[in-house]
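Read through the structure below, which is laid out as structure tokens, and then see the notes.
The values are calculated or read from the model by the stated rules, or taken from the named source; none is laboratory data. Only a predicted model underlies this, so the values are computations on that prediction, with no experimental measurement involved. In this analysis, Cβ positions are derived from the backbone assuming ideal geometry, glycine residues included, and neighbour counts consider all displayed protein chains. In case anyone asks, the SASA skips ligands and DNA or RNA and just uses the protein heavy atoms, side chains included. Shrake-Rupley method; radii C 1.70, N 1.55, O 1.52, S 1.80 Å.
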Amino acid sequence: MTTHSVSTVFNKNMAFTATINGHDVLMDTTADEGGDDSAPSPKRLMLASLAGCTGMDIVPMLNKMKVPFSNFSIDIDADVREEYPKIYNRVKITYKIKMAETDKPKLEKAIALSQEKYCSVSAMFRAFAELKTEIIILD
């Protein structure tokens, strides 16, 4: 069994630094939540993890399918429920990419494989939120 470990230390006010495989990740929260807004919040970092996970699935699949692309980005919008715990309950993943329209079915296949089989972060999100995807082909 594989174990992932992270060490997190308190800095000041509401700020923390997590060390992950020798990389420091700063976390804070907004001023209205008692922080200094010096870094992203832990909850928003979850969205970045989701984008990174699915993106790291899709890029090698498109390369393997020999699909030329550029300007690839992933935007995520998430609704937070009103009651505690204030978790994400709806998440929309928007894939933006410059590629030939004729290659869109290959991208759709890569996204489906990422979402349904490979992206473990997506699998974890699906345990508590509804996930939707959108594709925007850039000119």
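The table that follows gives values for the structure above.
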quantity: Phi-based couplings in Hz for segment 5-15 (Karplus 6.51, -1.76, 1.60; Gly and Pro marked x); calculated: 10, 9, 10, 10, 10, 6, 9, 6, 6, 10, 8
quantity: Antiparallel content of DSSP bridges confined to the chain, in %, to 5; calculated: 70
quantity: ³J(HN,Hα) computed for each position of segment 22-35 - Karplus, 6.51 cos²θ - 1.76 cosθ + 1.60, integer Hz, glycine/proline x; calculated: x, 9, 8, 10, 8, 9, 7, 9, 6, 4, 5, 9, x, x
quantity: P(r) weight above 21 Å for segment 69-139, C-alpha pairs, percent; calculated: 32
quantity: Too-long pairs where the Cα-Cα distance tops 19 Å, listed order kept, from Lys66/Lys92; Lys66/Lys98; Lys109/Lys132; Lys43/Lys98; Lys64/Lys104; calculated: Lys66/Lys92; Lys43/Lys98
quantity: Normalised alpha carbon radius of gyration of segment 1-50 [divisor 2.2 N^0.38 Å]; calculated: 1.22
quantity: Within the chain, helix-based [θ] at 222 nm, where runs of 4 or more DSSP H residues each add -39,500 (n - 2.57), nearest 500; calculated: -9000 deg cm²/dmol
quantity: The chain pair-distance distribution - Cα-Cα, 10 Å bins, rounded %; calculated: 11, 34, 32, 18, 5, 0
quantity: The chain - accessible surface per residue (Å², probe 1.4 Å); calculated: 65
quantity: With Cα atoms, 0 to 90° folded angle of helix 104-113 axis to the chain main axis; calculated: 40
quantity: In Hz, Karplus ³J(HN,Hα) per residue of segment 115-121 (6.51, -1.76, 1.60; θ = phi - 60°; x = Gly, Pro); calculated: 6, 9, 10, 9, 6, 5, 5
quantity: Label point distance in nm, Val25-Ala48, each placed 7 Å from Cα along Cα→Cβ; calculated: 0.8
quantity: The chain, accessible surface, carbon-and-sulfur percent (1.4 angstrom probe); calculated: 55
